[in-house]
Each structure stands twice: as C-alpha cells, then as structure tokens.
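Scroll down for the structure; my scribbles are underneath it.
The values are calculated or read from the model by the stated rules, or taken from the named source; none is laboratory data. Just so you know, these numbers come straight off a predicted model, no measurement behind them. As a convention, Cβ positions derive from the backbone with ideal geometry for all residues, glycine included, and neighbour counts pool all protein chains shown.
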Amino acid sequence: MTINALPLRDDHRLLCPNCGDEHTWVNKVDVSSSSGSGLRVIASGEDDASIVKAQPLRATANGRRYEVVLYIGCEMCEQESSLALIQHKGETEVVRSWDDEA
Ligand SMILES: [Zn+2]
C-alpha cells in the first residue's frame, strides 16, 4: 500500500497540506525519545540574517524509540502542519496532521 505522505507539485515542490499553495517552509524539527528527552531545532531569518537555534524539548515519543516531527508552515494561510515519523518495534509509522483532501 502506498500513501502519498506529502502534497507535491509535479516538479516535486512541497505544497501546503491545508490550502495547496506552494509558498511553504520547514523551519522547525522536533526529535524526542520514548524516555522523554528531546530537542527542538528552529531556523529563522533569511540569507545572511538566517540563524538556527536548538533548545531542549520535554516531549515523550509515541513509539518505543524515537519520534521525528517536521513542521510545515505556509505563507498563504499561515497554517502549521506536521509530519511525524514514529519509530516503534523496528517499524516507522508516518503520521500527518492533515487529511488526503488538500
Ligand atoms: Zn496554506
């Protein structure tokens, strides 16, 4: 079974899962463990003013190992969507915050 995990334009540009606009960005990533330790990495700014910050994250992964969450922002609708990769018993579950309709 194949599920289209990401809404993509024909040239593989990421589209907003909420409104379908192509002006998206991924600038926040959370990595957490099943024991409750984690890290949030946030990138901001543009060009010479861009920076990346990391901060401790107190979140418990849903699986037995680790969980990686990518956050997708949209300039058009300002909705933040997420795509989580949850590792559990040697498998990786993909969990999206949106439905297939976008
Ligand atoms: Zn949008």
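Some observations on this one:
- For the stretch 64-84, the candidate set comprises residues that are in a strand (DSSP E or B) and within 15 Å of the ligand (Cβ to nearest atom); within that set, the residue that is surrounded by the fewest Cβ atoms within 10 Å (Cβ to Cβ) is GLU80.
- Flag set for SER37, criterion: farther than 26 Å from TRP98 by Cβ and either more than 13 Å from the chain's Cα centre (by Cα) or polar (S, T, N, Q) (or both).
- Every residue from the stretch 82-102 that is in contact with a Ser or Thr (Cβ under 6 Å, 6 or more places away or on another chain) and within 20 Å of GLY38 (Cβ to Cβ): SER82, LEU85, SER97
- Subset of the stretch 1-22 [exposed (fewer than 13 other Cβ atoms within 10 Å of the Cβ) and either away from the ligand (no atom under 15 Å from the Cβ) or not in a loop (DSSP other than H, G, I, E, B) (or both)]: MET1, THR2, ILE3, ASN4, ALA5, LEU8, ASP10, ASP11, HIS12
- Pairs meeting the criteria (first residue in the stretch 13-35 and free of Cβ contacts under 8 Å to residues at least 12 places away in the same chain, second residue among the small types (Gly, Ala, Ser) and near the ligand (Cβ under 9 Å from one of its atoms), beta carbons under 7 Å, at least 6 apart or on different chains) are lacking.
- Per the conditions (1) more than 16 Å from the ligand (Cβ to nearest atom); (2) surrounded by fewer than 16 Cβ atoms within 10 Å (Cβ to Cβ); (3) not charged (D, E, K, R), the sole criterion not satisfied by VAL31 is (2).
- If you go through the stretch 23-56 and keep only what is in a loop (DSSP other than H, G, I, E, B) and either at pLDDT 95 or above or polar (S, T, N, Q) (or both), you end up with HIS23, SER34, SER35, SER37, SER50.
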